[in-house]
Structures are given as C-alpha cells and as structure tokens.
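Engineer: For reference, the structure I am asking about is given below.
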Amino acid sequence: SVCLKLKGAVQNSGINKPVSYRHRCIMWARVGLMGSVALGSVFWSQKSKTESSPYELKLVQVLFRHGARTPLKSIPGVLEAQWVPELLEVPAHTEIDYKVTDLQGGPRPPAPVEENYRARILTGGTYPGQLTTVGMQQLYDLGVRLRKKYIEDEPFLTPSFNSKEVYVRSTNIVRTIESAKCLVAGLFQQDQEALNCPVFAFPLPHAGVVPILTDIAENEVLYPNYHGCKLLKMLMGNRWTESSMVPDIAADLQSVQTSLGVDPLQRLDFILIRDDMVARDTHGLPLPTALEPWRSVVEQRAVDMICHIYEPSKRQNLQLCVGPLFNILLSNIEEKVQVETPNQDRKLFLYSVHDTTLMPCLMALGVFDMQWPPYAADITLELYQHTQTKKHYVKASYIGQDQKIPGCSDVFCPLQEFKEALGTYSLPHEHYHALCKSIDDHRKSDL
C-alpha cells in the first residue's frame, strides 16, 4: 500500500520516528466522503490513445506550477548563494507578443504580492521569487510536450495560437505570468527554422498578441487566499507557526539548525530551508556542506508542515483552499458539454499557478503522493466523449502520469462520478465569499 511504502521510505531515511503523522495526512476524510480507500497517488499505465479509440477529446485544462526561480528567502546565517542578474536572461525562443489584463480585458490590476518581493534584494542583485532562465526553459519544454500531444500526435489544437480556442490565466505575479508566456511559446512554435537562426531575437511571427488574464489580489482563487478570505486566515494562519512546533518536526529542525550553526532564536522552518535548497540545486549553486546529510529530512518535513497547515482531514479547509477553483474547472466542463454555449470553440484552459495551489488540489483529488510538486509540475484534466454512447468522461493526470481518482470507477472517469468527486470540495463563487466572511459564526460554533 501507499502507506507501507511511505513507512519504508521513512525507515530507510534513518529517522526513527513514528509515521502516524504522515499517515494522518494521507488518510484524510475521503474514506468517509467518497466511500473509497483508494488513497494516495495511484499511477495507471494506459495504452496510448489510437485512432480506433472510442474516446474523442473535447477539452483540456492544465494547472501548472511556474518554473525554477530565485528563492523567496535565503537561509539566514549561512553562506548565501549569488543570485546574479545573468541567471534571469530570457532565451529568445521563449519570446512572444503578450498582454496582461484583468479578467474583463482591461488594464492589469495592481500586484501587491510582487511589490512585496521587490522590496528586498537577494545577494547577487536580483529580487526574490523571480523566474530564471532555467525556469523559462522548463515551461517552454512543458509547452513542447503539450504541443506533441495535442497538435503533432493528435490534431486537437490548431498549430497557431487562437484566442477563441485557448484561454490563458495566471496569478498576478511576474514568475507565473512569464511561465505562462514561455509555455505558450513552446506550445505554439511558429517557424522552427527561424527560431534556430542566430539573428532571430524578436517575438514569434503570426501568433498575434496572447492575452494573459489576471485578477485583483483580494479576489484571487488560483491559490489559497489568506488575505482575501478571513475565515481561511483564521483557520490556517496560526498553523504556519504551529507546524514548526509539532514535536517530530521541531526536533529535526533543532538538529538542522545546530548543524548549520544557525542561532536557535532565528526564525527558520523546513519550507524556507527547502525552498532555498532546491533553488540552489536547480541552478548549480553551492549548498552549505552541513545541509547535505539532511536533504531527505528537509524534503519530508516540509511536506509534513504543509499537511499540518492545510489539515486535509477537515473538509472545509480544502474547500476554502481550492473550492472556487474546482468550481471553475467544473463550470468549464459543463459549458463544453452543453451544445449551445457561447464558447464552444474553446479547447484549452491554461492556469499558471503555484506549488501551494497544486498540493491542496492533489489532496482534494485524493492523489497527493507526499512529494513536493517540482517546478513546472502540472495537473491536467481531459474531457472526452464516447463516440458511440455519447457519454462524457474525464481523465486526470499529474506530471504526465494518469491518475485514478477515488470515487471514480476507472481512469476514464464517468462525468457524473467526476463531478461528485470534485463536488465534495467545489464552492460556487457566492458561497465561497459568504463562507469567507462567516468568521463570527465560525467562532460561535467553536464555543
């Protein structure tokens, strides 16, 4: 079972700690909610779709994490990496004409999260959280993978960008906007011969301007919005601090801080350590030697912290994290299934998001594998229609691996079963905002 594999992994890491905490994160309330014990990440080997397949692809929705970036913070009190501007150079083949707008096509909204990043400068002269050349290439490569699947292997999309077919949405943060741009560049390559020419250093021809839509910060639903949802902030705000005080996590953190020579009073947690560690590794930058033996512990405890923060056994927590996003995904499917709707030409929805988006989504889907999503990781939902029965099915995948969602009878999940699976956590826009404001009612219920 998945739990036994996790137990073995923990034991093999040399950490003689009980695995009950990690079990609690995996064995959340889906057993009761979905009537299923098919938990954890379940990978299914499916034969590639052939021309004789009875399933016809109708719609694709991709939620993808941004590419590699500079760290949000550096580990304090240790040798800092040099995050120089040369690490952020833009490859010419990732350039396209694009315009960032609000959801109605108006001017781009203010970006307070990005402004907060740019209030500090990392050693080397760059801002925290900025997409690097490596990250740009990662998203370009993801676009190439999507191109092969949906244009070259199967002529589902037209080879050039068409705003009637493709909808691009991003959080209003530079690294996700640039990641969306790079993915589109890889997906809709226009003239490969021109791209290979050394003098080709201008946006791709014939693609037109690609609109990338964003929302105002207080209304953003593409990540758990602590600032826009009062109830979410009340339920989870303190759990960020608490997560470092969970006994097993706290003991390991103290050991790591001692090894690094970091002042015990210095504010530090495993999520921060992991963020800096992975950013350095990805860009070939030196890591403090004392941290090397602790790599697996850092990875494990960062995930443990996230499990404590999101507390997925409580349905409402995940509802507040992903409810409105799930509602959008289901609405897109419903609109496609309906014969007469204004956006019947729409074939692809692209959502440029964060690791903190993907993890609660994976938890709610029941396929979280207890691994931190890597840069450029993607969750893809494909809507199919059976050519004979005309019934609709949804297939979910994570980083290219098909997933059998608990509550679904097959990888090709009958639409009604899929709607019920997501419906457990889906929240209509109005319901979500009403729930977010119900902080007083929630406090009374706790008395």
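Engineer: Quick one: in segment 72-95, which of the residues that are of a type in the set (A, V, I, L, M, F, W, C) and either assigned to a loop (DSSP other than H, G, I, E, B) or in the same structural domain as residue 287 (by the TED database) (or both) is most open to solvent (accessible area, probe 1.4 Å)? Spell out the reasoning first.
Structural biologist: Filtering segment 72-95 for residues of a type in the set (A, V, I, L, M, F, W, C) gives 72, 75, 78-79, 81, 83-84, 87-88, 90, 92.
So of that shortlist, the ones also either assigned to a loop (DSSP other than H, G, I, E, B) or in the same structural domain as residue 287 (by the TED database) (or both) come out as 72, 75, 78-79, 81, 83-84, 90.
Details: 72: 52, 75: 0, 78: 25, 79: 125, 81: 3, 83: 1, 84: 48, 90: 71 Å².
Residue satisfying both the conditions and the ranking: 79.
Engineer: Does segment 96-118 hold any residues that are surrounded by fewer than 18 Cβ atoms within 10 Å (Cβ to Cβ), on the phi < 0 side of the Ramachandran plot and in a loop (DSSP other than H, G, I, E, B), and which are they?
Structural biologist: 97, 102, 103, 104, 106, 108, 110, 118, listed by residue number.
Engineer: If you don't mind, another one. Can you name the number of the only condition in (1) touching an Asp or Glu at 6+ places or on another chain (Cβ under 8 Å); (2) farther than 30 Å from residue 324 by Cβ; (3) not aliphatic (A, V, I, L, M) that residue 284 fails?
Structural biologist: (1)
Engineer: Another question, then. Does residue 320 satisfy the criteria of being in contact with a Pro (Cβ under 8 Å, 6 or more places away or on another chain), at pLDDT 95 or above and crowded, with 20+ Cβ neighbours inside 10 Å? Before you say what the answer is, go through the steps one by one.
Structural biologist: Working: in contact with a Pro (Cβ under 8 Å, 6 or more places away or on another chain): yes; at pLDDT 95 or above: yes; crowded, with 20+ Cβ neighbours inside 10 Å: yes.
Yes.
Engineer: Take the residues in segment 271-280 that are closer than 18 Å to residue 303 by Cα and not β-branched (Val, Ile, Thr), then tell me which one is surrounded by the fewest Cβ atoms within 10 Å (Cβ to Cβ).
Structural biologist: The first filter runs over segment 271-280 and keeps only residues closer than 18 Å to residue 303 by Cα, leaving 271-279.
Now drop any that are not not β-branched (Val, Ile, Thr), which leaves 272, 274-277, 279.
Details: 272: 19, 274: 21, 275: 24, 276: 24, 277: 22, 279: 25.
Only one residue tops the list, namely 272.
Engineer: From the set of residues in segment 329-347 that are among the β-branched types (Val, Ile, Thr) and free of Cβ contacts under 8 Å to residues at least 60 places away in the same chain, which is surrounded by the most Cβ atoms within 10 Å (Cβ to Cβ)?
Structural biologist: Applying the first criterion (among the β-branched types (Val, Ile, Thr)) to segment 329-347 yields 333, 337, 339, 341.
Filter again for free of Cβ contacts under 8 Å to residues at least 60 places away in the same chain, leaving 339, 341.
Working: 339: 6, 341: 11.
Only one residue tops the list, namely 341.
Engineer: If I filter segment 254-309 down to residues being acidic (Asp, Glu) and farther than 19 Å from residue 374 by Cβ, which single residue comes out as modelled with the lowest pLDDT?
Structural biologist: 263
Engineer: Read through the list (1) surrounded by fewer than 18 Cβ atoms within 10 Å (Cβ to Cβ); (2) not in a helix (DSSP H, G or I), then give the number of the only condition that residue 268 fails.
Structural biologist: Evaluating residue 268 over (1) surrounded by fewer than 18 Cβ atoms within 10 Å (Cβ to Cβ); (2) not in a helix (DSSP H, G or I) leaves (1) as the failure.
Engineer: When the residues of segment 348-381 are filtered to those that are open to solvent by 10 Å² or more (accessible area, probe 1.4 Å) and polar (S, T, N, Q), which remaining residue is nearest to residue 309 (Cα to Cα)?
Structural biologist: Ranking the candidates gives 356 first.
Engineer: Then there is this: Output the residues belonging to segment 166-176 that are part of a helix (DSSP H, G or I) and either crowded, with 23+ Cβ neighbours inside 10 Å or under 13 Å from the mean Cα position of the chain (by Cα) (or both). Lay out the reasoning, then the answer.
Structural biologist: Applying the first criterion (part of a helix (DSSP H, G or I)) to segment 166-176 yields 174-176.
The answer is 175, 176.
Engineer: In addition: Output the number of residues of segment 400-434 satisfying the condition of being open to solvent by less than 40 Å² (accessible area, probe 1.4 Å), over 15 Å from residue 364 (Cβ atoms) and part of a loop (DSSP other than H, G, I, E, B).
Structural biologist: So the answer is 2.
Engineer: Another question, then. Which numbered condition in (1) modelled with pLDDT of 95 or more; (2) surrounded by fewer than 24 Cβ atoms within 10 Å (Cβ to Cβ) is the only one that residue 181 fails?
Structural biologist: Of (1) modelled with pLDDT of 95 or more; (2) surrounded by fewer than 24 Cβ atoms within 10 Å (Cβ to Cβ), only one is false for residue 181: (2).
The values are calculated or read from the model by the stated rules, or taken from the named source; none is laboratory data. Please read these numbers as outputs of a predicted model, since none were measured by experiment. Neighbour counts run over all protein chains shown; Cβ positions are idealised from the backbone, glycine included. All accessible areas refer to the heavy atoms of the entire protein, side chains included, with ligands and DNA or RNA removed. Shrake-Rupley method; radii C 1.70, N 1.55, O 1.52, S 1.80 Å.
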